[in-house]
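Nothing in this text is a laboratory measurement; each read-out follows from the coordinates by a stated rule. Bear in mind that the values here come from a model prediction, so they are computed numbers and not experimental data. Reconstructed Cβ throughout: ideal geometry from the backbone, glycine too, with neighbour counts over all protein chains shown.
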Protein chains: 2
Amino acid sequence: MKIISNPPLRRWERLAQRPALRQEKLMRTVEKIFSEIRKRGDKAVLKYSTKFDYPSQTAFPIEKETVEKASEALSERLKQAIELAKHNIEIFHLSQREEIRKVETTQGVVCWRESRPIERVGIYIPGGSAPLFSTVLMLAIPAKIAGCSEIILCTPPNIYGEIHPAILYTANLVGVNRIFAVGGIQAIGAMTFGTESIPKVDKIFGPGNQYVMAAKKIATLYGTAIDMPAGPSEVLVVADETCNPSFVASDLLSQAEHGPDSQVILLSNNKKVVKDIDAKLNEQLLALPRKEIAEEALKNSRAIVFDSLEECMYFSNLYAPEHLILAVENPHLLARKVVNAGSVFLGNYSCESAGDYASGTNHTLPTSGYAKAYSGVSLDSFIKKITFQQLSEEGLLQIGPAIEVMAETEQLYAHKNAVTLRLGEIMSKRLIDNNNETNI
Amino acid sequence: MKIISNPPLRRWERLAQRPALRQEKLMRTVEKIFSEIRKRGDKAVLKYSTKFDYPSQTAFPIEKETVEKASEALSERLKQAIELAKHNIEIFHLSQREEIRKVETTQGVVCWRESRPIERVGIYIPGGSAPLFSTVLMLAIPAKIAGCSEIILCTPPNIYGEIHPAILYTANLVGVNRIFAVGGIQAIGAMTFGTESIPKVDKIFGPGNQYVMAAKKIATLYGTAIDMPAGPSEVLVVADETCNPSFVASDLLSQAEHGPDSQVILLSNNKKVVKDIDAKLNEQLLALPRKEIAEEALKNSRAIVFDSLEECMYFSNLYAPEHLILAVENPHLLARKVVNAGSVFLGNYSCESAGDYASGTNHTLPTSGYAKAYSGVSLDSFIKKITFQQLSEEGLLQIGPAIEVMAETEQLYAHKNAVTLRLGEIMSKRLIDNNNETNI
């Protein structure tokens with residue numbers, strides 16, 4: 001790793017930058033495929049799916065039988081592990097449910113919010129050699145807790161038309177309604193517009209390569225929501241002299257092995273610690289099957305020595321990392337200074353892979369500095385919070401005159417009139433009541 | 001209004017559609033102006049601002065003195081009304097704060113979420129004859145409660161370089177840090193890229209015409225978050241025979257007067273009620289200063305008679321209205337059936353203008369069917385919820401083996417190794433402790 005010592009403040013912004021991605025050409029490719037899918041539906045989707053993934057493909061839906069058989073291909077040990085992860089993810093996401101809180105803002109004016117599920121959600125799971133069944137857990141479990149009525153999953157088939165059994169098994173376990181063997185831009189396009197066999201959804205979730213990411217961004221222009229824009233995975237570790245250099249090295253490598261465009265950043269107030277970690281990192285790297293990928297990622301990466309942990313945290317907030325590991329003596333003290341981050345791991349035993357798989361937190365997190373404005377996926381990502389209000393006669397008497405003058409200033413006279421008419425009716429009703437009382 | 005009786009189910013989807021908007025040309029215009037602003041900063045922004053708004057403009061920031069003087073131009077009655085609205089909006093948005101809930105998902109594995117403000121937010125307020133100072137309240141108050149450190153506001157100057165004093169006064173009252181006299185695509189571009197005088201922000205909020213809306217969508221492609229995509233304003237009213245036809249007519253007109261592209265929908269299980277409302281509507285329309293606008297909007301609008309209130313609610317969820325008024329005998333019963341809506345108003349005295357100005361709920365809401373996947377603006381829109389986790393040795397012993405098998409299946413061996421190394425250290429430490437105990 002490249003080690004930088006005490007960079008001057010004016011260089012920080014630059015050091016916090018990600019490798020640039022050229023998007024313009026990608027966007028044009030996506031627009032072209034989207035326009036075909038919009039016009040020709042399944043036919044267009046099939047054209048691209050047979051071209052890029054499964055040449056003999058004729059249909060997308062995975063048969064129920066195939067899904068149920070997937071269980072046989074998995075070891076008991078793996079199934080138990082999935083069960084444990086499912087349990088923890090359920091507990092944590094269940095804790096995110098919100099009670100209805102009715103608030104009387106003024107006497108007779110009651111306001112509150114209620115959560116409602118997003119009805120139709122689509123989950124995208126990338127293909128390739130590594131079957132990301134953990135992402136199925138992370139997306140389908142909160143969707144189920146939220147009460148989404150239709151949860152579909154798209155994932156590319158291999159050249160023989162197969163989907164990895166771990167993906168099928170997990171999807172079935174957590175209640176995915178339908179699985180389609182389709183990937184890439186064509187999968188996102190199908191879920192955006194709907195085709196004869198693949199339904200349109202209200203919101204699309206899940207990771208993917210640069211094509212999938214570009215397609216998700218374009219999907220939002222056509223009215224389909226997405227979980228968040230995403231870029232390559234990244235981790236930032238703040239380590240002091242109490243850290244275990246071997247542990248930190250293994251965490252940096254867990255991120256580096258994701259892809260050649262991943263980025264890892266190490267910050268410390270202690271140069272010796274950085275050197276120790278770097279030595280361990282080079283040692284562990286040798287034993288990795290995905291060594292070449294990790295090496296490539298390490299080229300984008302850097303270790304920076306600052307004067308103090310405060311400076312480390314200042315830089316970390318400027319960088320806004322997807323994962324932030326605080327491998328320091330008092331991680332809770334430092335955690336208070338976190339402003340921008342996707343997920344934070346405290347102390348020597350909270351390795352990033354715990355959050356990636358089984359602690360219960362969600363691993364779909366904002367990358368590329370998006371943590372400045374976006375949260376990771378949570379139960380909130382699968383619901384809408386709808387506001388409700390009810391005013392009594394008394395309530396409208398209290399706030400009506402204020403509404404009238406504000407509407408008048410904004411020159412919205414029908415807005416004013418909606419109040420004036422009601423106030424008039426209330427007043428004349430009360431006048432009649434009063435008269436009746438006087439007459440008795 | 002066009003009245004439709006008992007349409008067959010196959011026509012419902014069509015009846016729930018909004019008037020189509022052509023976006024392609026708009027998008028190209030935005031891309032062109034954005035690219036100029038990116039390269040030439042203030043110079044490019046000034047070029048467009050002098051062209052469209054204030055020909056003699058030389059700078060954007062509004063002087064502190066001008067802001068403070070704005071108060072003199074406002075009546076006491078208006079200031080008191082703003083104070084009342086501010087109070088209610090504060091109370092309701094304060095109630096949206098979330099306590100930290102630490103959850104032990106497995107013994108020794110503690111996970112929780114903490115809220116952190118989005119640091120730099122930009123508020124856009126449209127220009128034109130009607131000064132939307134109420135939107136300043138709706139956006140700056142939750143930003144302030146969230147703790148955003150920089151809240152800027154952009155709004156177009158008139159031909160003389162002036163901003164309406166109600167906007168300046170309100171912005172100052174609720175803690176906006178800086179105000180810039182700039183509007184349109186150029187304002188959104190400036191906040192997306194930052195210029196010499198206008199800072200880049202993390203998230204842009206606020207309504208606008210079709211140019212501003214297109215610019216906000218494009219801003220997201222450059223990494224700036226937005227509150228939500230938006231289209232013309234709309235209301236759907238469900239009314240039964242207990243409604244007050246005059247009130248309902250006034251609510252329909254409050255929406256229709258917003259703009260010629262606004263849409264209002266009336267649903268009922270009673271044809272007579274619809275006819276009564278239509279009569280009142282035509283009567284009230286005559287007295288409106290914005291009569292022409294409202295008439296235009298009513299051309300896009302319709303009243304539909306269904307067999308039952310259940311059918312009305314089914315259609316309403318298909319339409320997913322920005323505002324939903326339930327002018328029925330038992331609005332709470334019907335409210336349970338709401339799945340897709342921005343904000344819901346219950347009963348005869350909860351007029352939409354209450355929520356637009358002063359009840360406390362937010363008036364920045366999803367339009368054009370976006371309510372299927374998006375919530376309106378709330379405190380949540382100004383914060384990130386960051387996940388935290390801390391594992392003890394015990395915690396890692398409990399879930400470590402599951403992580404190992406899952407990571408192995410996903411072929412992420414460095415992820416596995418981060419656990420294996422730690423488990424090894426814990427086991428050998430315990431072995432030494434045990435031996436020491438045995439020796440004593």
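Details
- Beta bridges by DSSP in the protein assembly as shown, antiparallel share as percent, to the nearest 5: 25
- Of all stretches in chain A that contain no trypsin sites (Lys or Arg not before Pro) in a DSSP loop with at most 10 other Cβ atoms within 10 Å, the longest one is A:23-335.
- By the rule of a C-alpha distance below 26 Å, with chain neighbours fewer than 8 residues away ignored, the lysines paired with B:LYS64 are B:LYS43, B:LYS47, B:LYS51, B:LYS79, B:LYS86, B:LYS144, B:LYS200, B:LYS203.
- Sequence of B:MET427, A:MET228, A:MET138, B:MET213 once ranked by neighbouring C-beta atoms within 10 Å, starting from the fewest: B:MET427, A:MET228, B:MET213, A:MET138
- Largest to smallest principal axis extent of the C-alpha atoms in segment B:335-440, angstrom: 81, 37, 26
- Available extension along the chain between A:GLU65 and A:LYS385 is 111.4 nm, counting 0.36 nm per residue and deducting the alpha carbon span.
- Between A:GLU241 and A:GLN80, the contour length at 0.36 nm per residue exceeds the Cα-Cα span by 54.2 nm.
- Anisotropy class of segment B:231-375 from Cα gyration tensor, a/c 1.5 cut: rounded
- Cα centroid separation, segment A:137-172 to segment B:199-267 (Å): 35
- Euclidean distance of C-alpha centroids, segment A:50-95 and segment B:322-353, integer Å: 41
- Note on chain B: Kirkwood hydrodynamic radius from all Cα pairs is 24.8 Å, rounded to one decimal.
- Shielding of B:366-374 by partner chains, average beta-carbon count, 10 Å: 5
- Lysine pair count for segment B:231-375 with Cα-Cα distance under 22 Å and sequence separation of 8 or more or different chains is 10.
- Nearest-20 debye value, segment A:11-58 charge dipole, Cβ charges on Lys, Arg, Asp, Glu: 180
- Whether the protein assembly as shown is rounded, prolate or oblate, judged on the alpha carbon gyration tensor where a/c under 1.5 counts as rounded: prolate
- Segment B:24-227, dipole about Cα centre (Lys/Arg Cβ +1, Asp/Glu Cβ -1), debye to the nearest 20: 620
- Highest-MSF residue in chain A out of A:THR409, A:THR242, A:THR367 [GNM, Cα springs under 10 Å]: A:THR409
- In percent, rounded to a whole number, the relative contact order of segment A:24-227 is 28, using alpha-carbon pairs under 8 Å and six or more apart.
- Counting DSSP beta bridges with both ends in chain A, the antiparallel % (nearest 5): 25
- Inter-centroid distance (Cα atoms) of segment B:361-416 relative to segment A:362-436, Å: 31
- Neighbour count of at most 14 Cβ within 10 Å plus DSSP loop: longest GluC sites (Glu not before Pro)-free window in chain A: A:330-440
- Taking label positions 7 Å along the Cα-Cβ direction at both B:SER5 and B:GLU31, the computed distance is 5.1 nm, reported to one decimal.
- Sites A:THR438 and A:GLU408 - FRET efficiency at Förster radius 35 Å, r taken between beta-carbons, to 0.05: 0.50
- Chain A, relative contact order in percent, only Cα pairs under 8 angstrom and at least six apart counted: 20
- Only helices enter the 222 nm calculation for chain B: every DSSP H run of n ≥ 4 contributes -39,500 (n - 2.57), and dividing by all residues gives -14500 deg cm²/dmol, rounded to 500.
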